Amino acid sequence: MLSVSPLLQGFGLGATMIIPIGAQNAYVLNQGIRRQHHLLTALVCVICDILLIALGVFGGGVLFASHPTLLLSVSCGGAAFLFWYGFLSLKSALHVSSEVEEKQVTRTSRRAVIAGTLAVTLLNPHVYLDTVMILGGIGGQFEGGDRVTFAAGTMISSFAWFFALSIGAARLSPVLGRPKVRRWIDGVIWLMMWVIAFSLLKRVVM
């Protein structure tokens, strides 16, 4: 029989970990506004989350806890990617474009979108800390079917959030996609990416 309590706990805890704005959410939002394979972006995020949640809940968090150099390597790679992605956002924010130019922007290929989504997800150490170690640690306290139900709740939360964010951004793209609004959004994304990148480097140095 399905136990509702672990399902709701998993859904609620998953939401608190996934919804706060970060590199991954910013990337999904950006793809949604541009309407460039935004559903594919959400799908890749969900698949990654499902795998990471399963890894954490069923014992994989021990791997990162016992190998700090692994998380250190991810932090360095993540910082480099965030600096690069932030630079692209800054460049886009400083480029004054017209409505016509916005419509003529070359569409990103599916491969590039998948690669970008994987990078912003798997090179983000917060994903491993939140999804694998914290969710995994809490999920590991459940036994048997309750552990599976808890994991399912967090996975449902991930699915609901990323597709809601992607579809919502695409629906609002006529407003959010205006050149002036886009510049503001790109500027905020640039600032956020570099703040996160500097925080990662600070953690590595300290």
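Read-outs throughout are calculated quantities, based only on the coordinates presented, and are distinct from any laboratory measurement. Quantities reported herein were computed from a predicted structural model and do not represent experimental measurements. Note that each Cβ is placed from the backbone with ideal geometry, even for glycine, and that neighbours are counted across all protein chains shown.
At-a-glance table
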read-out: R0 of 35 Å, Cβ-Cβ distance Arg183-Cys76: FRET efficiency to nearest 0.05; value: 0.70
read-out: Cβ-based charge dipole, segment 4-205, positive-most Cα from Ile138, Ser92, Pro6; value: Ser92
read-out: Gain on full stretching of the segment that runs from His95 to Ala160 - 0.36 nm per residue minus C-alpha separation; value: 20.0 nm
read-out: Least to most buried among Trp190, Trp84 (fewest other Cβ within 10 Å first); value: Trp84, Trp190
read-out: Radius, Kirkwood style, for segment 4-205 when every pair of distinct Cα atoms is counted (Å); value: 17.6
read-out: Per-residue ³J(HN,Hα) for segment 169-174, Karplus 6.51 cos²θ - 1.76 cosθ + 1.60, θ = phi - 60°, Hz, x for Gly and Pro; value: 5, 5, 5, 8, 4, x
read-out: Three-way shape call for segment 103-206 based on the alpha-carbon gyration tensor, with the a/c threshold at 1.5; value: oblate
read-out: Relative contact order %, segment 4-205, counting alpha carbon pairs below 8 Å whose residues are six or more apart; value: 49
read-out: Phe83 paired with Ser199, simple spin-label distance in nm, labels 7 Å along Cα-to-beta-carbon; value: 1.8
